[in-house]
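Chemist: Here it is, the structure, as structure tokens.
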Amino acid sequence: MTSHPVKFANRVARVKPSFTLEMASRAAEMRSQGIDVINFSVGEPDFNTPEHIIAAGKTAMDEGYTKYTAGAGMIELRQAICDKLKRENGVDYTPVEILVSNGEKQSLYNACQVLFDKGDEVVVFAPYWVSFPEFVRLADAEPIIVGTLPHKQFEADFDDLEKKVTENVKGVIVNSPSNPTGGVWSSEALIRLLNLAAKRNWTVISDECYERLVFDGEFISAEKLNRDYNIGARVVTCMSLSKTYAMTGWRIGYAAGDEAIIKAMSKIQGQTTSCANSIGQRAAIVALSGDQQPVEEMRIKFRKRRDLMVSLLNEIPNVTCVMPGGAFYAFPDLSHYIGKKANGKIIQDSFDLSEYILNLESVVTVPGDGFGAPGHIRFSCATDRDTIRRGISKVANALKQLD
Ligand SMILES: Cc1ncc(COP(=O)(O)O)c(C=O)c1O
């Protein structure tokens, strides 16, 4: 026991905690007290991993795949990833251009660690996934927050981008389909961003973890456009098995990009977590190259839930919710209710509004302020249709009581 208080490194204070995880633990805590909680904060599919993938994990253990693997990932998995990228995304890679990580989150973190430094700026579009600005800060760089256009699937507001960029910008993070908005950028917007990046020598980090959850139209990888249109931008594509195969707990994601960048990312990973878990890697080979029907079944269910969720939200007076083209979130604008009173207390922001809904109706949501989107709240569709009906009617009831 020491009597001296711990002096933490500055980076601890600089980084914000993941409040999406906090909301999930609030829900669990209330449930453990016997409260009937409706949880719209979930950031993962409510389906289990498909059986044939689970079986592959079990076989991997039985066959002794329980040891360290190559730092960048098993060669068989990196080859399966290359085959998948060619088949599904239309882009050719070789295994030396692939890094397998402990979830895509680690690939994104590694990419920021190798590309950005103190004094650098990185464009992040708001509403953003909570981790993007933090990955940039953990690399000692500064996120530059740029607006998006809600009526255009939250694509970049290029006027705002032009206003905010400086000579210090070294990269840009794009996430389509997006968490938290579900927005899917048009090819035109991606091409425009890639052209800017090529001209100004920015690296594009393209987070495509919701690639298989696109409901209207077809998913196109940023790198595919980059190659088809000969744009010449430097793109690091980060992808995940988490959402596509309901494998969040297996922690397998990957990055594809220039060999030199992948090698640098691999070096950082080698000195932090060595390699991704071996059992998950074996299961990932089967996930990527096996039966894809369960993925399509999940997509169809998510689309039905999205349709229901968005139409119910739009039925609430003074709530507008654009139809997200992908992922499994609805991101309505509730700004009409900010500034209203609940029992004499003013609702100051979306944190207050989310808290009010939670306390009155036991419905857990995620406030938009945390995603850089004041006045909005994120609702996850990772729950069944009856729960969506019941939960949104409770939200409507809570909002009705504000004055
Ligand atoms: C936009 C986005 N990127 C990346 C991830 C991380 O995925 P993984 O589980 O592969 O680390 C998530 C997970 O919520 C996400 O929403």
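Chemist: Compute the acute angle (0 to 90°) between the alpha-carbon long axis of helix 259-270 and the principal axis of greatest extent of the alpha-carbon atoms of the chain; round to the nearest 10°.
Modeler: Here the helix axis deviates by roughly 70 degrees.
Chemist: Here is a follow-up. Just to verify a number: FRET efficiency for ARG389 and HIS4, C-beta to C-beta distance, R0 = 51 Å, to 0.05?
Modeler: 0.40
Chemist: Still on this model: About the Cα centre of the range 1-104, what is the dipole size in debye to 20, counting +1 per Lys and Arg Cβ and -1 per Asp and Glu Cβ, all else neutral?
Modeler: Charge dipole, the range 1-104, about its Cα centre: 640 debye, nearest 20.
Chemist: Give the order of ILE173, ILE38 when sorted by the count of other beta carbons within 10 angstrom, beginning with the fewest.
Modeler: ILE38, ILE173
Chemist: Measure nothing fancy, just the Cα-based angle from helix 51-62's long axis to the longest principal axis of the chain, in degrees from 0 to 90, nearest 10.
Modeler: 50
Chemist: If neighbour count is taken as other Cβ atoms inside 10 Å, put SER186, SER266 in order from fewest to most.
Modeler: Least to most surrounded, the residues fall as SER186, SER266.
Chemist: Roughly how many Å is it from the Cα centre of the range 12-54 to that of the range 153-178, as a whole number?
Modeler: First find each Cα centre; the distance between them is then 29 Å.
Chemist: Of TYR337, TYR229, how do they rank once you tally other Cβ atoms within 10 Å and put the fewest first?
Modeler: Ordered from fewest to most neighbouring Cβ atoms within 10 Å, TYR337, TYR229 come out as TYR229, TYR337.
Chemist: Related question: Counting only DSSP beta bridges with both residues in the range 154-295, what percent are antiparallel, rounded to the nearest 5?
Modeler: Roughly 30 percent of the DSSP beta bridges within the range 154-295 come out antiparallel.
Chemist: Continuing with the same structure: If you restrict to DSSP beta bridges whose two residues both lie in the chain, what percentage is antiparallel, to the nearest 5?
Modeler: 50
Chemist: Where does the charge balance sit around VAL165 when Lys and Arg score +1, Asp and Glu -1, over other residues with C-beta under 15 Å from its C-beta?
Modeler: Neighbour charge sum, excluding VAL165 itself: -2.
Chemist: Calculate the length of the line joining the C-alpha centroid of the range 110-134 to that of the range 288-340, in whole Å.
Modeler: 27
Chemist: List the pair-distance distribution P(r) of the range 64-289, using every Cα-Cα distance, as the percent of pairs falling in each 10 Å bin from 0 up to the bin containing the longest distance, rounded to whole percents.
Modeler: 8, 36, 38, 16, 2, 0
Chemist: Let me ask another. Using the Karplus curve 6.51 cos²θ - 1.76 cosθ + 1.60 with θ = phi - 60°, what ³J(HN,Hα) values do you get for each residue of the range 149-160, in whole Hz, with x for Gly and Pro?
Modeler: Those phi angles translate into 10, x, 6, 10, 6, 6, 5, 4, 8, 5, 5, 5 Hz.
Chemist: A further question follows. Once you have the Cα-Cα distance between SER32 and MET61, take 0.36 nm times their residue separation minus that, and quote the gain in nm to one decimal.
Modeler: Gain on extension, SER32 to MET61, equals 7.1 nm.
Chemist: A further question follows. So, in nm, how far is label LYS341 from label VAL15 when the simple model puts each one 7 Å beyond its Cα toward the Cβ?
Modeler: 4.3
Chemist: Further, regarding this structure: Quick one: helix 385-400 against the long Cα principal axis of the chain, what's the angle to the nearest 10°, folded into 0 to 90?
Modeler: Helix 385-400 and the main axis of the chain meet at about 50 degrees.
Chemist: Between the range 203-256 and the range 71-101, what's the alpha-carbon centroid distance in Å?
Modeler: If we compute the Cα centre of each part, the gap is 12 Å.
Chemist: On to the next question. If one puts a single equal scatterer on every Cα of the range 1-138 and applies the Debye formula without solvent, what log₁₀ I(q)/I(0) results at q = 0.10, 0.12, 0.21 Å⁻¹?
Modeler: With one equal scatterer per Cα and no solvent, log10 I(q)/I(0) is -0.61, -0.87, -1.28.
Chemist: Given a cut-off of 19 Å, name the pairs among LYS16/LYS341; LYS84/LYS224; LYS170/LYS199; LYS164/LYS224; LYS243/LYS301; LYS118/LYS263 whose C-alpha atoms lie farther apart than that in the structure shown.
Modeler: With Cα atoms farther than 19 Å apart: LYS16/LYS341; LYS164/LYS224; LYS118/LYS263.
Chemist: For VAL146, list long-range residues whose amide hydrogen, built 1.01 Å from N in the peptide plane, is under 5 Å from its own amide hydrogen.
Modeler: Here VAL124, PHE125, ALA126 satisfy the definition.
Chemist: A further question on this structure: For the chain, modelled as a Gaussian network with Cα springs under 10 Å, which listed residue fluctuates most, LYS345, LYS263, LYS86?
Modeler: LYS345
Chemist: Here's something else I'd like to know. Rank GLN292, GLN271, GLN79 by mean-square fluctuation in a GNM of the chain with C-alpha springs under 10 angstrom and give only the top-ranked residue.
Modeler: GLN271
Chemist: Of the candidates LYS340, LYS67, LYS164, which one comes out as most mobile in a Gaussian network treatment of the chain with C-alpha springs shorter than 10 Å?
Modeler: Greatest mean-square fluctuation among the candidates belongs to LYS67.
Chemist: A follow-up question, please. Which of the lysines could a cross-linker span from LYS340 if the Cα-Cα distance has to be under 24 Å and same-chain partners fewer than 8 positions apart are dropped?
Modeler: LYS394, LYS400
Chemist: Where the Cα atoms of the chain are projected onto their three principal axes, how long is each span, largest first, in whole Å?
Modeler: On the principal axes, the chain reaches 61, 61, 53 Å in Cα extent.
Chemist: Just to confirm a number: summing +1 for Lys and Arg and -1 for Asp and Glu over residues other than VAL319 whose beta-carbon lies under 12 angstrom from that of VAL319, what do you get?
Modeler: Residues near VAL319 contribute -1 overall.
Chemist: Follow-up. So who's got an amide H within less than 5 Å of the one on VAL169, skipping anything under 5 residues away but keeping other chains? H placed 1.01 Å off N, in plane.
Modeler: GLU121
None of the figures in this text is laboratory data; all of them are computed from the coordinates on show. Quick caveat: nothing in here was measured; it's all calculated off a predicted structure. When we count neighbours, we look across all protein chains shown, and the Cβ atoms used for this are built from the backbone with ideal geometry, even at glycine.
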